[in-house]
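This report concerns only the one structure given below.
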Amino acid sequence: MRGRSVRLATLATGFTALLVSALVLPPTQSAEAQTRRGPSEVELGDVLFHDTSLSEPAGQGCVSCHSQDTGYSLPDSNLNLAHGMAPGAVPNRFGFRKPPTVAYTPFLPKGDPYYDEGAQAFVGGLFYDGRAKDNIEQAKGPFLNPNEMNNLTEHGLGDPAKVIDKIKNGPSGIVFREVYGMDIFEHPTDEVYDLVARAITAYIASDEVSPYSSKYDLYLEGKANLSLMELLGLRLATGTFTGRKDGPPYPRKAFCSDCHMISDDLSVAKDSWTNSCYANLGVPKNPNNPWYTNTDPVANPYGYNSLGFAFKDYGLAGYLYPKQGIELGSQDPLAINGTIKAPTLRNVDKRPYPGFVKAYMHNGVFKSLEEVVNFYVTRNRTTVEGEIIDFTKPNPYQGLQGTPLWPEPEFPDPNTMINPAGLPSDMEGEGVSAEMGNMIIHPYDEVALVAFMKTLSDGYHDVAGFIVPMDYTFLLEAIPLEFEVRTPGSTTALETQVVFMDSDGYYSFTPTVQPGTYDIAVKGPHWLRKVIPNVEIKSYGAVDANAVLVNGDIDGDNAVTVFDYLILSDYFDKSMMDEDWDTVGANGFAPSDTDLDGDGTVTVFDYVILVNSFDQFGDE
């Protein structure tokens, strides 16, 4: 938080300087001070977003649940792994849904959710249930929620005056006055509270929170390449070869873009990766949701769960039906029980470090994208091959021979879970499913979908390029390359990553070091190390780092010597057809280690590679 404190101090200092100049400088000098730029509404929103003094008790701010490092979702790996819910300002208080991302929400449809004939679904509104008609309402909500920032009256009602009083007398008040006027806190409470939400909304809409700075965005601009696996994932997600709606159809399709929509015209609007529609996906309850045990009316009189484990999350129905006088659970005339708003896929994998756990779905029940995609593909299946759970039946589990692969949906609704058997495609090629539950796609298609979703993380700053491993005829994708990021001129690795190329020799990886100039060292299993000097790693965008690697280093000492010759001689004329092809011998190596050209045999051609590279040394 030090950076935020410095920024706030800078803004406050600017305000003080303006005030002093207005009081003591002669008129001819104060004109210069009057032209000095004060903080903008966006900068005020930034300060308010990161102000943790605005809760009751103090200690929680918007940033507590919406961090840039995680794509403006919950920034606590342990909580995500345990359950996915964010604790409130009061200890041991939790809501029943995980925090949604706030990034890009200003660019989504506003107003109350409405039925869209084209989408054949309800569309619009913010939050998972659509209860906020716009970002102003969305920004106001957490301040007044007893299970979040807890600014309440003594009778348990949300109290905006408490929030405003904290701003007025706290560190944000200086900037608030500079943006909206010295007398702003004398204005009506509702008016000032609107300005609080407006400033936060301006910040969320800014390039800091919603920057469109992913690898995918650079790809659309022609400034980055997608790997073959990432490109396959894009094609599966959109159903076209080009990844655009008007592209020629791709033989296999995962139908992601039916709900996670892309733009019809990029010159008009960028890809949001959601159409803001509502759907019941058959997501199971999260048994570890702390909301089920938040049942103490004494400890939490205005935010406790009176139903315990019997509680059901009705989603959109929980918002719309009470407005229409319909008792929840009594009927479902709009077929919206359990329907949840489709979130944007942007930043769906963004995390501060590789081992960080993110929680997925509205209740945080899944802990990886791989799990989410596999659920979409296999929701209707059991442990018996070919057996399908038909959720359109009154009792879909009756008569099953196998065990369902997934727990029972919270809302096993026959109106919305309509794909029991995997519908055949009318496109040429393999049959595909028109809805989720029993998709006919390959396991590597699931891997590709995850690989593509990872390209939607903002702040893309990859090192990328082409590697030419000399004298090699086999699959380039099979070569693990070890990349080191070093301080220029140093042999010490600041970080090390193992990366695989695609079939064209293209690679990319995202460094964890700060932007700056570095040396990049790369070494393959039997190729000499090559140092690419003075690579400028950027805060956004890809930087090229290309290299040609010399073959012949069998023993891994970064040199081609007589020792490599001796190891190769031990296994001359061996073949991948031999049982001991991958068996390590007394010399510490397997025959496969000496197959320099990758043709599956140890022959004179491997000797020729050694001869041509003999007595060469890799970079240190």
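A few comments on the model shown:
- When the listed pairs K140/K270; K166/K454; K162/K454 are checked against a 31 Å cut-off, the alpha-carbon distance exceeds it for K166/K454; K162/K454.
- 10 Å-binned pair-distance histogram of the stretch 301-352 (Cα, whole percent): 20, 36, 27, 16, 2
- For the chain: accessible area per residue (Å², 1.4 Å): 46 Å²
- As a length-normalised measure over Cα pairs under 8 Å and 6 or more apart, the relative contact order of the stretch 563-620 settles at 32 percent.
- Taking the square roots of 5 times each eigenvalue of the Cα gyration tensor of the stretch 204-286, largest first, gives ellipsoid semi-axes of 22, 20, 13 Å.
- Kyte-Doolittle mean at least 0.5 and Cα axial length at least 24 Å: DSSP H helices in the chain: 2-24
- Sites L228 and D112, calculated FRET efficiency, Cβ-Cβ separation with R0 56 Å, nearest 0.05: 0.80
- Where labels lie 7 Å past Cα in the beta-carbon direction, separation of V298 and T383 in nm: 4.5 nm
- Cα centroid separation, the stretch 488-505 to the stretch 552-568 (Å): 22 Å
- Solution diffusion estimate, µm²/s, Stokes-Einstein, the chain, Kirkwood Rh from C-alpha pairs, 25 °C, viscosity 0.890 mPa s: 88 µm²/s
- Take the Cβ atoms of D264 and V562, set R0 to 60 Å, and the FRET efficiency comes out at 0.40.
- Whether the stretch 524-606 is rounded, prolate or oblate, judged on the alpha carbon gyration tensor where a/c under 1.5 counts as rounded: prolate
- Gap separating the Cα centres of the stretch 587-609 and the stretch 87-163, nearest whole Å: 63 Å
- Convex hull per residue volume in Å³, alpha carbons only, for the stretch 431-577: 158 Å³
- In the chain, the calculated helix contribution to ellipticity at 222 nm averages -7500 deg cm²/dmol per residue, counting -39,500 (n - 2.57) for every DSSP H run with n ≥ 4.
- Positive contributions from Lys and Arg (+1) and negative ones from Asp and Glu (-1), summed over other residues with Cβ under 12 Å from the Cβ of N286, come out at +2.
- Viscosity 0.692 mPa s, 37 °C: Kirkwood-radius Stokes-Einstein D of the stretch 503-560 over Cα pairs, µm²/s: 255 µm²/s
- Cross-link table K223/K341; K110/K323; K110/K215; K253/K312, entries beyond 26 Å C-alpha to C-alpha: K223/K341; K110/K215; K253/K312
- Relative contact order (%) - the chain, alpha-carbon pairs under 8 angstrom, separation at least six: 11 percent
- Carbon/sulfur fraction of accessible area - the chain, other protein chains in place, 1.4 Å, %: 55 percent
The values are calculated or read from the model by the stated rules, or taken from the named source; none is laboratory data. Just so you know, these numbers come straight off a predicted model, no measurement behind them. Ideal geometry is used to build each Cβ from the backbone, glycine not excepted, and the neighbour counts take in all protein chains shown. SASA here: full protein model, heavy atoms, side chains in, ligands and nucleic acids out. Shrake-Rupley method; radii C 1.70, N 1.55, O 1.52, S 1.80 Å.
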